[in-house]
Amino acid sequence: ELKVEQNPLFLSMQEGKNYTIYCNYSTTSDRLYWYRQDPGKSLESLFVLLSNGAVKQEGRLMASLDTKARLSTLHITAAVHDLSATYFCAVDPKRKRFGAGTRLTVKP
Amino acid sequence: DTGVSQDPRHKITKRGQNVTFRCDPISEHNRLYWYRQTLGQGPEFLTYFQNEAQLEKSRLLSDRFSAERPKGSFSTLEIQRTEQGDSAMYLCASSLDYYGYTFGSGTRLTVV
């Protein structure tokens, strides 16, 4: 069965710092998705990575995909408080298997 | 059409009662998905439709759960004889292809 693991599960960081969230998955997938969820809200699509080596950037967030290593990263640059949320990765375009999420808190 | 709509936003029900949730997808989207999310976890796939055909059901979807999409537009998710373990956020999403999922705001179910 496809498993998706994220780490860390909890991340507290200071504003201005950089950090990386990791997403590992257990079987072949050529697509990977990143979502953001604010407390009590639904999921917002951030990135869709469609091929090995894909890199996408939006503001302070950059996502990459290594299908050979079955690994995606979400890099946060110079974090700001507004980035505080839970970030999920997901694979399998038909059914979307989600990781457990990384709860990010950015402190001033 | 501003997005995926779910109704109700919140539902409190007594154990053993039946509940039904509705999802209205983005009008041009032909695929519709249901997920369940419990506190501190990622969404879990329940089922999905392409047009009116239900193409897959997760084993999480017990016999007490049924979903329909009668005319390929809106969908309903019914839970019969609710149990406390059914308490969760039920999320609906729609897409035109496999890339562009749009999630609704969800229905939060509390079984007391």
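The values are calculated or read from the model by the stated rules, or taken from the named source; none is laboratory data. Remember, predicted model here, so these are calculated numbers, not experimental data. Every residue, glycine as well, gets a Cβ built from its backbone with ideal geometry; the counts of neighbours run over all protein chains shown. Please note that ligands, DNA and RNA were not included when accessible areas were found on the heavy atoms of the full protein model with its side chains. Shrake-Rupley method; radii C 1.70, N 1.55, O 1.52, S 1.80 Å.
Data table
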{"read-out": "Members of segment A:66-105 that become less accessible by 50 Å² or more once partner protein chains are added (1.4 angstrom probe, chain alone as reference)", "value": "A:LYS94, A:ARG95, A:LYS96, A:PHE98"}
{"read-out": "Area hidden from solvent between B and A (accessible, protein heavy atoms only, 1.4 Å, total, Å²)", "value": "1700"}
{"read-out": "Pairwise Cα inverse-distance average, inverted: Kirkwood Rh of chain B (Å)", "value": "13.9"}
{"read-out": "For the protein assembly as shown, alpha-carbon Rg and Dmax in angstrom", "value": "17.6, 51"}
{"read-out": "Solvent-accessible heavy-atom area per residue, rounded to whole Å², over the protein assembly as shown at 1.4 Å", "value": "50"}
{"read-out": "Alpha-carbon centroids, segment B:2-66 and segment A:3-50: separation in whole Å", "value": "23"}
{"read-out": "Rounded percent of accessible protein surface that carbon and sulfur make up, chain A, 1.4 Å probe", "value": "48"}
{"read-out": "Kirkwood-based shape ratio for segment A:40-108, expressed as Rg/Rh from alpha carbons", "value": "0.96"}
{"read-out": "Too-long pairs where the Cα-Cα distance tops 28 Å, listed order kept, from B:LYS11/B:LYS57; A:LYS3/A:LYS56; A:LYS3/B:LYS11; A:LYS3/B:LYS71; A:LYS56/B:LYS57; A:LYS68/A:LYS94", "value": "A:LYS3/B:LYS11; A:LYS3/B:LYS71; A:LYS56/B:LYS57"}
{"read-out": "Segment B:8-112 - share of DSSP beta bridges that are antiparallel (%, nearest 5)", "value": "90"}
{"read-out": "Surface share of carbon and sulfur [accessible, 1.4 angstrom probe, percent] for segment B:30-112", "value": "45"}
{"read-out": "Nearest-20 debye value, the protein assembly as shown charge dipole, Cβ charges on Lys, Arg, Asp, Glu", "value": "460"}
